[in-house]
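First up is the structure itself, then whatever we jot down about it.
The values are calculated or read from the model by the stated rules, or taken from the named source; none is laboratory data. Please read all numbers here as calculations on a predicted model, not as lab measurements. Quick reminder, even Gly has a Cβ in these numbers, built from the backbone with ideal geometry, and neighbours come from all protein chains shown. Side chains included, ligands, DNA and RNA excluded: accessible areas come from the protein's heavy atoms. Shrake-Rupley method; radii C 1.70, N 1.55, O 1.52, S 1.80 Å.
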Amino acid sequence: MGKQPPQLSPRPGCSDDSAPICDSSCCATTTSSQPVESKKIRRHKKDHAANNAATSAPEEDETEIKDLLLIGAGCHGHAIMLRLLEPDPDFLSDKERHIRGENIDRMRPIHDVVKHIKNLSRGQRATLRSKSRKSKKKNQGNSASTEPPPHLKLNEVQKSVLVVDANGGWMQAWKDNFDSLRIPKLRSLMNAHTDPFDHRSLEYYAEAKGRGDELVTLTTLNQRDKNFKGPYQVPSTSIFNSFHDLLSKAYGIEDLVRTGTVVSINPTQEDGKADEPVFEVQIAFGKQQSIVRTVKTRRVVCSMGPIFRASEPRWLQDLAPQACDRVLHAHQICPHLKQRREVDSSADDMLQKILIVGGGLTSAQLALLATESNWYKEVTFIQRSKMNPRHFDIGNEWMGPKRGKLLEDFWCLDVNERVEKLKETRGGGTIPPEVILELAANQGKKLEVKEEVEVMKVQWVDDRLRVFLDDGSEPDFYDMIWLATGAQNHIDHYSALSHLRQVLPVDIVNGFPVLNTDLSWRAPTTVEEGEESGEDEPTWKQVARKRIWFTGALAALELGPDALNLIGARHGSVRVARAIRQDIAQSKAAASLKEDDHDCGCFHC
């Protein structure tokens, strides 16, 4: 046989990287005996590199100052980042959005939304392409009352924005919890999501992908009046996750999140600039938080999730120490479920009984999960009040045509009255009617449901928990107790904010900080002895207050009773993203003006 011809090795970026030989000018003409990598191998290497980047700390550079640090990659952080990048964002207020929703002619044209969905599938270039002047003028009345500030370029974001989250990945904690609890659908309507272009995007995405059946109609939601007119569908967990994964990929931010936990935030003066602040943020990077570094940034967004702490019941304080591992609090349950799922439990490992204490949706979902699993032979679910049926976190009227009016009434209240309104609107634990029907269907099988019952005492006897209830029943033995009871979020729970509060004090009302309307850190109206008033603060401190923003539960005094959920994420992201885009644009303009003033013919000019 004749001698085999040598194989050519393509250069990176070859126009035909699937071919062993390519006569394109992009390829090399040198020989190589190395086999050509398949696309599958290259994709695996790319995913591996992205995972390493997400779990590693950024390279240390003491002189580098980031433009923005985003703390928290949940739905709130995701919504903000997308609105920073979107050339033609929905910057409507919640009131204006609902007013326009009553008249489709005042909304963004449907064909624009359909085109947006197509662009998402086409990738970053199509998604991030700026609209033409003609297109902007045509859609001006459908996007915002005023021209939005310039959007951030993706290369700017990749270079000068840092996103950290303890779980790593966009909305990873959300996904993990939904997976652990096996939640099939959301409790939010299909118009609640993080897409920055239009609130109808998820609906048209489902239609375009032939997955319309994954927008689940709530058969028990029958209200059709002036307070609520729909929609009547909620997305399945699967389509919700698919849509948001597509958003991350289409906007080019899928690999932007670093795994890390913020330890402290220290606002200080930038070296050599008396009126310019910089935030020195100490971050413990990695799942094990083993690498601690200080990152400097000009702006900070705090979109971390709530830190709920429930008060310990008296009976738990008196329980024998060796029994405490059998009693799990809400934040311990999902990690426990994940661990149980990773272990192949057989029928021989099945425990006898579990007691679930709660009253809201999470406790009901846990009861159903335990009932359907092979972990326990019997499940008891108790709550201290009667079940309170409600489709959503708050009343339907807050998602209807009167939402704008309700929010205006809320903003007319003083901060103490707002706190009372928050309590009144959210109330205690509630359970959607369809979940109550599921509980009833399982009652009498493995599941026993008791209402208006509380735990009086628990004893540790023969490696089991002997539980006394206040309903007069005989004490019963359980192998485990899950406490999915209500808990309070309070700014004092956020240790990372302690130093920030010392340098830049803020008014606190019932655990909530009093923020500005753009959700930035407001100067206190009441000043303690020895503290500076807002007007007496040096300029750099006043500027620093305008460059740190809060969303989620800590923004409830501004955003209202649904601050924590997906609607609150959209509401807050509109305010924060607009403020950040405006501030960055002003900083660029000031820098440009300074360069022009310095135009003296020297080398730097």
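Some values worked out for this structure:
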| quantity | calculated |
| --- | --- |
| Output for the range 71-89, where each listed residue is open to solvent by less than 10 Å² (accessible area, probe 1.4 Å) and either among the charged types (D, E, K, R) or out of contact with any Leu (no Cβ under 9 Å at 6 or more places or on another chain) (or both) | Gly72, Arg83, Glu86 |
| Listing of strands (runs of 3 or more DSSP E) fully contained in the range 461-525 that carry 1 or more residues being modelled with pLDDT of 95 or more, in contact with a Lys or Arg (Cβ under 7 Å, 6 or more places away or on another chain) and of a type in the set (Lys, Arg) | none |
| Per-region count, the range 538-593, residues touching a His at 6+ places or on another chain (Cβ under 9 Å), outside any helix (DSSP H, G or I) and more than 17 Å from Gly74 (Cβ to Cβ) | 1 |
| Criterion: of a type outside the set (Lys, Arg) and either at pLDDT 95 or above or closer than 30 Å to Asn516 by Cβ (or both) - qualifying residue of Thr371, Thr425 | Thr425 |
| Number of positions in the range 403-421 that are out of contact with any strand residue (DSSP E or B) (no Cβ under 9 Å at 6 or more places or on another chain) and open to solvent by 20 Å² or more (accessible area, probe 1.4 Å) | 11 |
| Where a residue in the range 173-194 is within 16 Å of Ser248 (Cα to Cα) and β-branched (Val, Ile, Thr) and its partner, wherever it lies, is at pLDDT 95 or above and part of a helix (DSSP H, G or I), with Cβ under 7 Å and at least six apart | Thr194/Cys75; Thr194/His78; Thr194/Ala79; Thr194/Leu82; Thr194/His244; Thr194/Leu247; Thr194/Ala569 |
| Any hit, the range 319-334, residues being at pLDDT 95 or above and either open to solvent by 40 Å² or more (accessible area, probe 1.4 Å) or among the hydroxyl-bearing types (Ser, Thr, Tyr) (or both) | no |
| Of the criteria (1) over 30 Å from Trp315 (Cβ atoms); (2) touching a Gly at 6+ places or on another chain (Cβ under 8 Å); (3) assigned to a loop (DSSP other than H, G, I, E, B), which one Phe410 fails | (3) |
| Residue count, the range 222-251 (criterion: within 24 Å of Ile183 (Cβ to Cβ), under 17 Å from the mean Cα position of the chain (by Cα) and assigned to a loop (DSSP other than H, G, I, E, B)) | 0 |
| Candidates Lys594, Lys546, filtered to the one that is closer than 20 Å to Lys273 by Cβ, basic (Lys, Arg), open to solvent by 70 Å² or more (accessible area, probe 1.4 Å) and modelled with pLDDT of 95 or more | Lys546 |
| Qualifying residue in the range 345-363 (condition: under 24 Å from the mean Cα position of the chain (by Cα), closer than 21 Å to Gly552 by Cβ and open to solvent by 20 Å² or more (accessible area, probe 1.4 Å)) | yes |
| Residues of the range 432-457 that turn out to be modelled with pLDDT under 95 and either among the β-branched types (Val, Ile, Thr) or within 24 Å of the chain's Cα centre (by Cα) (or both), as a count | 0 |
| Condition check for Lys296: part of a loop (DSSP other than H, G, I, E, B) and not small (Gly, Ala, Ser) | no |
| Ser93, sole failed condition from (1) at pLDDT below 95; (2) open to solvent by 30 Å² or more (accessible area, probe 1.4 Å); (3) closer than 29 Å to Lys296 by Cα; (4) under 25 Å from the mean Cα position of the chain (by Cα) | (3) |
| Evaluation of Asn396 against (1) open to solvent by 40 Å² or more (accessible area, probe 1.4 Å); (2) touching a Leu at 6+ places or on another chain (Cβ under 9 Å); (3) of a type in the set (S, T, N, Q) (one fails), failing number | (1) |
| Residue identified as farther than 25 Å from Ala330 by Cα and open to solvent by less than 50 Å² (accessible area, probe 1.4 Å) among Gly230, Gly272, Gly210 | Gly230 |
| Failed criterion for Ser264 (all others in (1) under 25 Å from Ala370 (Cα atoms); (2) open to solvent by less than 60 Å² (accessible area, probe 1.4 Å) hold) | (1) |
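For (1) more than 17 Å from Phe381 (Cβ to Cβ); (2) surrounded by fewer than 18 Cβ atoms within 10 Å (Cβ to Cβ); (3) touching a residue at least 60 places away in the same chain (Cβ under 8 Å); (4) not charged (D, E, K, R), each residue gets a yes or a no:
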{"residue": "Lys423", "(1), (2), (3), (4)": "yes, yes, no, no"}
{"residue": "Gly429", "(1), (2), (3), (4)": "no, no, yes, yes"}
{"residue": "Pro433", "(1), (2), (3), (4)": "no, yes, yes, yes"}
{"residue": "Ala440", "(1), (2), (3), (4)": "no, yes, no, yes"}
{"residue": "Gln443", "(1), (2), (3), (4)": "no, yes, no, yes"}
{"residue": "Asp463", "(1), (2), (3), (4)": "yes, yes, no, no"}
{"residue": "Arg466", "(1), (2), (3), (4)": "yes, yes, no, no"}
